[in-house]
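First comes the structure, then the notes that go with it.
The values are calculated or read from the model by the stated rules, or taken from the named source; none is laboratory data. None of the values given here were measured: they were computed from a predicted structure. All Cβ positions, even for glycine, are placed from backbone atoms using ideal geometry, and neighbour counts span all protein chains on display. The area values use the complete protein model at the heavy-atom level, side chains included, leaving out ligands, DNA and RNA. Shrake-Rupley method; radii C 1.70, N 1.55, O 1.52, S 1.80 Å.
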Amino acid sequence: MGLAVRTTIGKGLGSTTLEFKISFVRPITTETGLLKAEGVVLARGRRVSTAEGRLTDSSGRLLAHGTTTCLIFDR
């Protein structure tokens with residue numbers, strides 16, 4: 001989720017997490033296999049951005065999901 005936010009900011013800017021929430025829906029074990037993580041920016045302001053993420057297995061079953069709020073700052 002944080003990397004999704006980072007793709008929206010330009011040179012000379014940084015970001016850090018203000019808050020995040022993750023919900024695990026199914027157990028993740030060594031037998032789960034390959035995982036796919038997707039992050040999408042929901043809103044991007046001048047100083048704050050929000051994003052959501054999903055973690056799925058190779059069958060497309062949802063394993064976890066979450067949201068984050070990030071602070072954007074000058075470096």
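Using the Cβ of Ile72 as centre and a radius below 11 Å, the other residues enclosed give a net charge of +4, where K and R count +1 and D and E count -1. Placing +1 on each Lys and Arg Cβ and -1 on each Asp and Glu Cβ, with no other charges, gives the chain a dipole about its Cα centre of roughly 280 debye. Highest GNM mean-square fluctuation among Leu62, Leu18, Leu34, for the chain modelled with Cα contacts below 10 Å: Leu34.
For the chain, adding -39500 (n - 2.57) for each run of n ≥ 4 DSSP H residues and dividing by the number of residues yields -1500 deg cm²/dmol at 222 nm.
Counting only protein heavy atoms and a 1.4 Å probe, the chain has 69 square angstrom of accessible area per residue. State log₁₀ I(q)/I(0) for the chain at q = 0.26 Å⁻¹ as given by the Debye formula over alpha-carbon point scatterers of equal weight, solvent excluded. With one equal scatterer per Cα and no solvent, log10 I(q)/I(0) is -1.08.
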